[in-house]
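Student: This is the structure I want to talk about, given as structure tokens.
The values are calculated or read from the model by the stated rules, or taken from the named source; none is laboratory data. Model, not experiment: these values are computed from the prediction. All Cβ positions, even for glycine, are placed from backbone atoms using ideal geometry, and neighbour counts span all protein chains on display.
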Amino acid sequence: MSGDKRREQILMSAISLFSQKGFSGTTTKEIARVAGVSEATVFKHFSRKTDIYDAILDNKACHEGMRFPWEEDPVMLDAMRRRDDYTVFYQLAFNALNKQQSDVGFMRLLFYSALEEHELAERFFGEFVARIYGFIGGYIEERQQEGAFRPMNPRIAVRAFLGMMIHHSLNNILWDKGRNLLDITNEDAADNFAQILLRGIKA
């Protein structure tokens, strides 16, 4: 196994363990055991356990799963140019729900790090969530200036919109895995969330 593949294996094992036991509850010895390497090999790639957390976030940032829809989604980019507000918010919701629910381990890891007050959660918020607030809030503000949306604090609308998506994903991931309370597709969820938001903020 090449050094890069071994490093990737260590990272994936760490994500699995951190998402189950948190940062404080996971040892480098456990990471090595799950990765099938020696503890010395773990330290060869990461001098400290905290370096593994940093590497996990950097690894996610370099993969498609951490890219933003407005950077690469042609449907959404076209909808923004045409001022098709429904499609803009539908695509945002649909992309977010798919990404949240396709990477359960990373979502659990983020919540563990927030509960443990580890800097990973703060860094993730600063590098990614703040950009989401900036982009969606900026789009809403532009549409307010054009008279399409009513006057209000754009960030309140962003928080409401993100809140619907995150709560829905958390229900599916953590509390209602059998989907007994609500069993709908991500397409249906995105459609309803976009409509709920727009009916609340349209002029």
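Student: Step by step: first the residues of region 161-203, then only those that are of a type in the set (Gly, Ala, Ser) and in a helix (DSSP H, G or I), then the one that is nearest to the chain's Cα centre (by Cα). Which residue is that?
Tutor: So the first thing to find is which residues in region 161-203 are of a type in the set (Gly, Ala, Ser), and the list is 163, 169, 178, 189-190, 194, 200, 203.
From what is left, the residues that are in a helix (DSSP H, G or I) are 163, 169, 189-190, 194, 200.
Details: GLY163: 12, SER169: 10, ALA189: 17, ALA190: 15, ALA194: 18, GLY200: 25 Å.
Filtering region 161-203 for residues that are of a type in the set (Gly, Ala, Ser) and in a helix (DSSP H, G or I), the one nearest to the chain's Cα centre (by Cα) comes out as SER169.
Student: Using the structure shown, decide if ALA130 is free of Cβ contacts under 8 Å to residues at least 24 places away in the same chain, assigned to a helix (DSSP H, G or I) and surrounded by 14 or more Cβ atoms within 10 Å (Cβ to Cβ).
Tutor: no
Student: Residues that are assigned to a helix (DSSP H, G or I), out of contact with any Ser or Thr (no Cβ under 9 Å at 6 or more places or on another chain), in contact (Cβ under 8 Å) with a residue 12 or more places away in the chain and under 18 Å from PHE149 (Cβ atoms): does region 92-106 have at least one?
Tutor: yes
Student: Turning to a different aspect of this structure: Which condition breaks for SER24 when tested against (1) over 20 Å from the mean Cα position of the chain (by Cα); (2) of a type in the set (Gly, Ala, Ser); (3) modelled with pLDDT of 85 or more?
Tutor: So the condition that SER24 fails would be (3).
Student: If I ask for residues that are surrounded by 12 or more Cβ atoms within 10 Å (Cβ to Cβ) and of a type in the set (Gly, Ala, Ser), which ones from region 117-127 would you list?
Tutor: Within region 117-127, ALA121 is the sole residue that qualifies.
Student: Given (1) part of a loop (DSSP other than H, G, I, E, B); (2) of a type outside the set (Asp, Glu); (3) free of Cβ contacts under 8 Å to residues at least 40 places away in the same chain, where does ILE156 come up short, assuming only one miss?
Tutor: (1)
Student: Residues being touching a residue at least 60 places away in the same chain (Cβ under 8 Å) and not hydrophobic (A, V, I, L, M, F, W, C): count how many of those fall in region 159-190.
Tutor: 5
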